[in-house]
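Novice: First the structure, then my questions, so here it is.
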Amino acid sequence: MKRSEQNEKRESAAKRSRSMKAASWLLCLVLILSCVAGCSATSGSGTNSGSGANSNTDAYADYPNGPITLIVPFGAGGEHDLVARAMVACMSKQGFQIVVQNMEGSSGIIGTMEAINSKPDGYTILMSSPEVLASQFATGTAKEPLHAQLLYLGNFVYDAGMICVSKNSPYNTLEELVAAAKEKPGEMNWASVGSNGKNQLDALSTMKAMDVEFNYVPYENAAKSRAAVMGGHAVVYHSYVSGAKASIEAGELKPLAVASEERVSFFPEVPTLKELGYDCIFGLTRGWDAPFDIPKEIADKLSGAMKTAFDSEEGQKALKDMGANPYWMTGDEMMEYGKEQYEIYAEMFKILDK
């Protein structure tokens, strides 16, 4: 064979070898990149997104595998506490072990901050109201928008505001109460829960509409403000239907008015403030929240169980028996409602602070 032919064959073989090596290297690179991408898809998805075929759902399949703490940022025996315990009992039917922890103080801020600063693992949640969070920020009681640090899970009730007096009170109608207050401006005590928050704003707004002045006296919880009225230390018990119902039925309190759009089914004989000529409507929703960074899978599981408890015959009966009007809102609906309430209380505070 001629030298030139041999050289051509060697060069051709070398080219084939280089081509095969390049193809082999490229195949290895593709395989390596595929493995890296597969690992990233499995481990890199955020806990709140829940997106992608390889989500973390399986990681939370056994939730909850221990007790859950439900912080109620007000004292035992109040409306928040009563609703919380009623729904906890219903949730237990689904295997949830929830322990209520009352943590009152600073108009609910102490308990709220405890929940916000807890580990976002679904084992610490909060009994809360968008109206309370909105009014705390509007009045400056809370220095930051706490509602932005919480994830709403669902709402159980809408509880209409109510004005009552003790059974021994000489006033049997709101008109009689208003007339007496005008004769003694600032002398009659108006008992409610908390200062510089929702209840005080509602009270001052109602007094303004009535063109009277009461002495607003804040108590740590509804049980104490109710006891003050029944013990003769205050004239007006400003609360919500659920907080007054048992005492009214026991003959310890006399209801004079409700602050709802229409009369409430629990006490159809009691007129609304609006009927009596005072354009005042206030009430309170009550639901459960969690720290904002809670995994979506856990939040969804909690919300679903809450809705099941709410829809149950036992849940509906428990709420109605205590005078709490059943009213479900999803977490997203609560978020929008909370924004509306912030605007309402910010404007109310602006007017009353003049």
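Novice: Does Met335 satisfy being modelled with pLDDT under 95 and within 25 Å of Gly243 (Cβ to Cβ)?
Specialist: Spelling it out, it is not the case that Met335 is modelled with pLDDT under 95 and within 25 Å of Gly243 (Cβ to Cβ).
Novice: Still on this structure, please answer the following. So which residues in region 146-172 are more than 29 Å from the chain's Cα centre (by Cα), over 17 Å from Val241 (Cα atoms), in contact (Cβ under 8 Å) with a residue 24 or more places away in the chain and surrounded by fewer than 17 Cβ atoms within 10 Å (Cβ to Cβ)?
Specialist: Asn168, Asn172
Novice: Here's another thing I want to ask about it. Of everything in region 158-198 that's of a type in the set (Ser, Thr, Tyr) and in a loop (DSSP other than H, G, I, E, B), which residue is farthest from Glu249 (Cα to Cα)?
Specialist: Of everything passing the filter in region 158-198, Ser195 is farthest from Glu249 (Cα to Cα).
Novice: When residues of region 132-157 are filtered for being of a type in the set (Ser, Thr, Tyr) and assigned to a loop (DSSP other than H, G, I, E, B), how many remain?
Specialist: The total comes to 1.
Novice: Would you pick out the residues in region 248-284 that are buried (at least 21 other Cβ atoms within 10 Å of the Cβ) and outside any loop (DSSP other than H, G, I, E, B)?
Specialist: Residues satisfying the conditions are Leu253, Pro255, Leu256, Ala257, Val258, Gly283, Leu284.
Novice: Hey, among Glu144, Glu183, which residue is acidic (Asp, Glu) and under 28 Å from Pro295 (Cα atoms)?
Specialist: Glu144
Novice: Select from region 78-100 the residues that are over 22 Å from Tyr240 (Cα atoms) and free of Cβ contacts under 8 Å to residues at least 60 places away in the same chain and write down the one among them that is surrounded by the most Cβ atoms within 10 Å (Cβ to Cβ).
Specialist: Taking the candidates together, the pick is Ile98.
Novice: Residues in region 86-120 that are more than 20 Å from Met322 (Cβ to Cβ), at pLDDT below 95 and of a type in the set (Asp, Glu): how many?
Specialist: 0
Novice: Also, quick follow-up: Could you list, in sequence order, the residues of region 220-242 that are closer than 17 Å to Leu174 by Cα and of a type in the set (A, V, I, L, M)?
Specialist: Matches in region 220-242: Val229, Ala234, Val235, Val236, Val241.
The values are calculated or read from the model by the stated rules, or taken from the named source; none is laboratory data. Since the structure is predicted, the reported quantities are computational estimates derived from the model, not experimental observations. Note that each Cβ is placed from the backbone with ideal geometry, even for glycine, and that neighbours are counted across all protein chains shown.
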